[in-house]
Amino acid sequence: MFKSTYLIDVFAALSKRYADQPEFLQAVEEFFCSIDFIVDKDPRIKQDAIVERIVEPERIIKFRVSWVDDSGKVQVNRAMRVQFNSAIGPYKGGIRFNPNVNESIIKFLGFEQTFKNSLTGLPMGGAKGGSDFDPEGKSDNEIMRFCQNYILELYRHIGPRMDVPAGDLGVGAREIGYMYGMYKRIENEFSGTFTSKGIESGGSLGRAEATGYGLCYFVEEMLSTFKNETFKGKRVIISGSGKVGSMAAEKVIELGGKVVGMSDISGVIHDEAGIDVKLIKRLSQSNTIIMDKYRTYRPEAIFSTDTKAIWKIPCDIAMPCATQNEIYLDSAKDLVANGCWLVAEGANMPTTIDATKYLLDHGVLFAPGKAANAGGVAVSGLEMAQNAMFMNWTFKEIDEKLHEIMKNIFKMCHDASLKYTGKPDNIVVGANIAGFQKVYVAMLQQGV
Ligand code: NDP
């Protein structure tokens, strides 16, 4: 917990006001534990109510999305966009389609996005959006009709200098294509209002790989700085096998590591021979639930329907890449007991506060999502730059820029950790402080 009475008072008021928003309060609490190191050192923070302001979104837009399913029945979903903070640039953050989407989850994501975007060094504010629409089992036409109706409302709140959405859980290039297509029809302009677009629609090479690859580049920095090591020969487990997880797995293998476990919502595959990532990617093109199918091609692999079973597989490195709160205290204990010594978050907030504390207390190196998974939004920033300049960089150029950005983010976190905690390896504190500093100084510069 934090010691600053200023933070204690702000958090007490926030907890009362948003008692029904546990994920949002969790993200704020974790952030306050870190900025506790600096908040009382700069009197302007309290004087200008920076903390009170930074925890309230600048704007929340809530709307209804009505659409017609394939049987001709009208369906109704709820949707929102949380424009959290625009101090350092236009709002930027993904769109999530998942039945559990609610204000608490979108607010926690928008809050974290503000500091993540700041860490990239690019001029992007923080936002997040989503809907409780469940893409699972929907036809291509149903997805298209939903996306089009979603944009019929959202279009008036976004724009290349205002708010630039991208994908997230349940939203990939197909959904972005349908949304961008509708936006373009309404606005009659071809501008970079969405990122993660298909390449032919103005997307950037390397965007699809960026979050997973960036995560591995960040881990490479941790391995070499703290252990004088590389990925070579390391046993790695990765939860989720979507956009982030599959690309992280691909890069781990390229860098000499061995992925021994992966998962999706249907369960976990443990393959001692090393997961066949090409097979995972091939299966995911035609199936939504792929782990069970994997067994038919690799009968020696062990399958479990318990998604938490992944954290029991002996490993050196664990990369949670599925969703928030996947690693609770019991799974953190399993990880430590089974030899894991580095956890890197590909997903947003996949580790609970007490699980994170347990891992840190047991000497596990820990890379928080807002730093380690920032590669995706960083390349989205590069996509915006390419769209604005009407030119394209090659995959190699993007990958080099991504690598540089991830190295730089690691350095910022490392240096802030050393400066404020006296130790270089508290990357959680380092990331929060380094991300916060640019945002709060910009807020001070811009007045109340
Ligand atoms: P996808 O929808 O592409 O993939 C999500 C994967 O996680 C799927 O394999 C899904 O399984 C699995 N999954 C979801 N819930 C669970 C669960 N409870 N247990 C086990 N597996 C589960 O999403 P992304 O890969 O884009 O996003 C994953 C995470 O990374 C999210 O937290 C997102 O916010 C974060 N992130 C994403 C970025 C990006 O560029 N895409 C950037 C930064 C962060 P199934 O397919 O069976 O549902």
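The values are calculated or read from the model by the stated rules, or taken from the named source; none is laboratory data. A quick note: this is a predicted structure, and the numbers were derived from the prediction, not measured. Neighbour counts run over all protein chains shown; Cβ positions are idealised from the backbone, glycine included. We work out accessible area using only protein heavy atoms, side chains counted, and drop any ligands, DNA or RNA first. Shrake-Rupley method; radii C 1.70, N 1.55, O 1.52, S 1.80 Å.
Return yes when Ile317 is in contact with a Leu (Cβ under 6 Å, 6 or more places away or on another chain), in the same structural domain as Glu254 (by TED's automatic domain parsing) and at pLDDT 95 or above and no when it is not. Judged against the criteria, Ile317 is a match. There is no residue in region 288-308 that is within 11 Å of the ligand (Cβ to nearest atom) and either within 30 Å of Gly125 (Cα to Cα) or in the same structural domain as Phe111 (by TED's automatic domain parsing) (or both). Applying the criterion of at least 3 residues that are within 16 Å of the ligand (Cβ to nearest atom) and closer than 24 Å to Ile238 by Cβ to the helices (runs of 4 or more DSSP H) found wholly in region 350-448 leaves 369-372, 375-389, 395-421.
Restricted to region 142-174, and to residues that are within 22 Å of Asn373 (Cβ to Cβ) and open to solvent by less than 10 Å² (accessible area, probe 1.4 Å), which residue is farthest from the ligand (Cβ to nearest atom)? Looking at residues that are within 22 Å of Asn373 (Cβ to Cβ) and open to solvent by less than 10 Å² (accessible area, probe 1.4 Å), I get Asp163. Have a look at Lys278, Lys258 and point out the one that is out of contact with any Gly (no Cβ under 8 Å at 6 or more places or on another chain), more than 10 Å from the ligand (Cβ to nearest atom), open to solvent by 10 Å² or more (accessible area, probe 1.4 Å) and of a type in the set (Lys, Arg). Being out of contact with any Gly (no Cβ under 8 Å at 6 or more places or on another chain), more than 10 Å from the ligand (Cβ to nearest atom), open to solvent by 10 Å² or more (accessible area, probe 1.4 Å) and of a type in the set (Lys, Arg) holds for just one of Lys278, Lys258, which is Lys278. Is at least one residue of region 179-188 polar (S, T, N, Q) and touching a residue at least 24 places away in the same chain (Cβ under 8 Å)? No: zero hits. Selection over region 27-41 of residues that are touching a residue at least 24 places away in the same chain (Cβ under 8 Å) and either open to solvent by less than 20 Å² (accessible area, probe 1.4 Å) or more than 27 Å from Ile105 (Cβ to Cβ) (or both) gives a count of 10. When the residues of region 47-60 are filtered to those that are more than 21 Å from the chain's Cα centre (by Cα) and surrounded by 17 or more Cβ atoms within 10 Å (Cβ to Cβ), the one that is nearest to Met443 (Cα to Cα) is Ile50. Residue-level check: of (1) within 28 Å of Val268 (Cβ to Cβ); (2) away from the ligand (no atom under 15 Å from the Cβ), Cys216 misses just (2).
To keep it simple, each residue is scored yes or no on (1) open to solvent by less than 40 Å² (accessible area, probe 1.4 Å); (2) at pLDDT below 95; (3) among the polar types (S, T, N, Q); (4) not assigned by TED's automatic domain parsing to the domain that holds Asp163.
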| site | (1), (2), (3), (4) |
| --- | --- |
| His362 | no, no, no, yes |
| Leu365 | yes, no, no, yes |
| Val377 | yes, no, no, yes |
| Ile398 | yes, no, no, yes |
| Ala416 | yes, no, no, yes |
| Asp425 | no, no, no, yes |
| Gln437 | no, no, yes, yes |
| Gln445 | no, no, yes, yes |
